[in-house]
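Below is one structure, written out as structure tokens, with a few remarks after it.
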Amino acid sequence: MESINLYWQAWAAYVFFALVGLWCWDKMFFWLAKEGDMRRLVLVLGAVLLLTPTFINDKDAFFAPAIFVLILDILGGMHPLSSPALIWLLVASCFGVLVLALGQLLIKKKNAA
């Protein structure tokens, strides 16, 4: 039972440092316009890479960051297109772009009014 508590503590620490990494990711693209569409897209893609979880394998209920699972699957000899982590990353990317598009629509509508 104690290992489950450590598992969630590790995830809490990962999410905290992923958010710090996302802040650094945003600062890394300082040369893009602050309120520009491209900067928002880059920020969404960075959030998808850092914050998307996936199951480690089909038998366990534990999950890990999808980008790390994908890298380990590739290093283990698995073809990247057969990795479930890639599906999670693609779904999260589509969801992020959809939310970004809806946000842009609301911003454009607010500026037009």
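Consider the range 6-16 and keep the residues that are among the hydrophobic types (A, V, I, L, M, F, W, C) and out of contact with any helix residue (DSSP H, G or I) (no Cβ under 9 Å at 6 or more places or on another chain). The one that is surrounded by the most Cβ atoms within 10 Å (Cβ to Cβ) is TRP11. Against the conditions (1) at pLDDT 85 or above; (2) surrounded by fewer than 13 Cβ atoms within 10 Å (Cβ to Cβ); (3) charged (D, E, K, R), ARG39 satisfies every one except (2). For the range 74-92, filtering for residues that are buried (at least 16 other Cβ atoms within 10 Å of the Cβ) and under 25 Å from TRP25 (Cα atoms) leaves 5. Inside the range 1-31, residues that are part of a loop (DSSP other than H, G, I, E, B) and either in contact with a Pro (Cβ under 9 Å, 6 or more places away or on another chain) or within 21 Å of LEU98 (Cα to Cα) (or both) make up a count of 0. One residue stands out among those in the range 56-69 that are aliphatic (A, V, I, L, M) and either farther than 21 Å from TRP8 by Cα or modelled with pLDDT under 85 (or both): the one that is surrounded by the fewest Cβ atoms within 10 Å (Cβ to Cβ), which is ALA61. Here is a check on your reading of the model: is LEU81 under 19 Å from the mean Cα position of the chain (by Cα) and at negative phi? Here the answer is yes, as LEU81 does meet what is asked.
Cβ-Cβ contacts under 9 Å between residues 6 or more apart (or on different chains), taken from a first residue in the range 94-113 that is in a helix (DSSP H, G or I) to a second residue that is at pLDDT below 90 and of a type in the set (Asp, Glu), are listed as LEU100/ASP37; GLN104/ASP37; ILE107/GLU35.
The values are calculated or read from the model by the stated rules, or taken from the named source; none is laboratory data. Here the structure is a predicted model, which is why all the values come from computation and not from measurement. Neighbour counts run over all protein chains shown; Cβ positions are idealised from the backbone, glycine included.
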